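All remarks here apply to the structure that follows.
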Amino acid sequence: MAASGPTVVLSSGYKMPLLGLGTSQGAIVKPKPKEVLDSVKVAIDAGYRHIDTAWVYKNEKEVGQAIKEKIAEGKIKREDVFVTTKLSLTCHQPDHVRESIVKSLGSLGLDYVDLYLIHSPICLKYGTKPSEIFQPTGNIEDLYDDVDYVDTWKGMESLVDEGLAKSIGVSNFNSQQLERLLQNCRIKPAVNQVELHPYLAEQDLVDFCKGKGIHLTAYSPLGSPGRHGKRHSAPQLIEDPCVTGIAKKYGKSPAQILLRYHLDRGVSVIPKSVTPSRIQANFDIMDFSLSQEDMATLCGLDRKLRYVAGSYFPTHKYFPYRL
Ligand SMILES: NC(=O)c1ccc[n+]([C@@H]2O[C@H](COP(=O)([O-])OP(=O)(O)OC[C@H]3O[C@@H](n4cnc5c(N)ncnc54)[C@H](OP(=O)(O)O)[C@@H]3O)[C@@H](O)[C@H]2O)c1
């Protein structure tokens, strides 16, 4: 696999590049298909070989188109690029899982994905639209369904048997939910994708996953600056004086320091950008690592601040976070 940067071998036996491109444009922003198409192409040219998308981002078509164009140009082969997508919250019934991945594969124009994640342990009623998920107009509890994620997982395992997903995993699961899954699975989750950054270090979850051989991927690694719907009063991680001070010391940008922090913790990371210079700079973090002292400073910033997922469906029986 050319120019992927460092990789991790997942419990499935497949290699995943530790640095990938995020493609979510935020929950309530109108999708900008051209931005996503161009950003994935720029990323592949810059050396990224791992792209993160999801059914709910409504951009699988553009992600797939960008990959197709780069394959046609001879820049990459299909097997060079690691593609992750995610199961809709509305398709947790085991017999809806296959239907969901088939739709995603159709949009992506691919025969298989490298990693398929249960987007959240929370399940919503079949047929709920993305707009209703992110901006519910009525009582959110009317959207709830209570399919057990252990049952959903059985549908996920069948996808591996069929070759539709090389690896399977979860997202937004807490350690109790992971433990329950581990006790009831045939194929263990290869990955748990969760919000992680110095303001949300989740050391217990990091230790738990390490002990169980579940790889962690950090989403919103920069603190998701620019995300609509975030708490306006929340401090901006990327502007934290500790982060900017360390950046100055290494001659790097604050974003590069925040991304390197994950790699030095053994966590993979999927920063989103549609800005070519940022996409390139975010990949340019392989030539240094942080000293123990600077890692300790960054770890000391933990304040259990969740920029993204904390506000979605907090009364659902499988809501994974303590508020
Ligand atoms: N599994 C889940 O539930 C879940 C939830 C949230 C996110 N995710 C995934 O994780 C990815 C990343 O998370 P995220 O998009 O929330 O947040 P993020 O990657 O922390 O931040 C993205 C924001 O940072 C800006 N940015 C990127 N590089 C920068 C740089 N070098 N300097 C300054 N600003 C920079 C981007 O702006 P521009 O684009 O304008 O450059 C964008 O506004 C998502 O895209 C998605 O793929 C998954």
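Points to keep in mind about this one:
- For segment 64-80, the candidate set comprises residues that are under 21 Å from the mean Cα position of the chain (by Cα) and touching a residue at least 40 places away in the same chain (Cβ under 8 Å); within that set, the residue that is most open to solvent (accessible area, probe 1.4 Å) is Glu79.
- The residues of segment 91-112 that are touching a strand residue (DSSP E or B) at 6+ places or on another chain (Cβ under 8 Å) and under 23 Å from Pro33 (Cα atoms), listed by number, are Ser100, Ile101, Ser104, Leu105, Leu108, Leu110, Tyr112.
- Yes/no for Phe288 being among the aromatic types (Phe, Trp, Tyr) and under 15 Å from Ile257 (Cβ atoms): yes
- Within segment 213-235, the set of residues being at pLDDT 95 or above, out of contact with any Leu (no Cβ under 6 Å at 6 or more places or on another chain) and more than 11 Å from Leu258 (Cβ to Cβ) comprises Gly213, Ile214, Leu216, Thr217, Tyr219.
- Going through (1) more than 29 Å from Tyr48 (Cβ to Cβ); (2) crowded, with 19+ Cβ neighbours inside 10 Å one by one, Pro121 falls short only on (1).
- Being touching a residue at least 60 places away in the same chain (Cβ under 8 Å) and either within 11 Å of the ligand (Cβ to nearest atom) or more than 19 Å from the chain's Cα centre (by Cα) (or both) holds for only one residue in Ser12, Ser39, and it is Ser39.
- Residue match in segment 41-56 (condition: open to solvent by less than 20 Å² (accessible area, probe 1.4 Å) and at pLDDT below 95): yes
- A search for C-beta distances below 8 Å between a residue of segment 95-119 that is farther than 16 Å from Val63 by Cα and any residue that is part of a loop (DSSP other than H, G, I, E, B) and open to solvent by 30 Å² or more (accessible area, probe 1.4 Å), counting only pairs 6+ apart in sequence or on different chains, returns His96/Tyr126.
- In segment 18-29 there is at least one residue that is touching an Asp or Glu at 6+ places or on another chain (Cβ under 9 Å), within 14 Å of the ligand (Cβ to nearest atom) and modelled with pLDDT under 95.
- Taken over segment 137-170, the criterion of being part of a loop (DSSP other than H, G, I, E, B) and either open to solvent by 50 Å² or more (accessible area, probe 1.4 Å) or within 16 Å of the ligand (Cβ to nearest atom) (or both) is satisfied by Thr137, Gly138, Asn139, Asp146.
- Count of residues meeting criterion [open to solvent by 10 Å² or more (accessible area, probe 1.4 Å) and not in a loop (DSSP other than H, G, I, E, B)] in segment 96-118: 9
- Per the conditions (1) out of contact with any strand residue (DSSP E or B) (no Cβ under 7 Å at 6 or more places or on another chain); (2) assigned to a helix (DSSP H, G or I); (3) closer than 30 Å to Lys41 by Cβ, the sole criterion not satisfied by Leu298 is (3).
- Some residue of segment 133-148 being among the hydroxyl-bearing types (Ser, Thr, Tyr) and more than 15 Å from Leu115 (Cβ to Cβ): yes
- Extreme residue, modelled with the highest pLDDT, among residues of segment 279-310 that are open to solvent by 80 Å² or more (accessible area, probe 1.4 Å) and farther than 18 Å from Lys249 by Cα: Gln280
The values are calculated or read from the model by the stated rules, or taken from the named source; none is laboratory data. All of these numbers come straight from a predicted model, not from anything done at the bench. Here the Cβ is made from the backbone with ideal geometry for all residues, glycine too, and neighbour counts use every protein chain on show. Quick note on the areas: whole protein, heavy atoms, side chains included, nothing else; ligands and nucleic acids left out. Shrake-Rupley method; radii C 1.70, N 1.55, O 1.52, S 1.80 Å.
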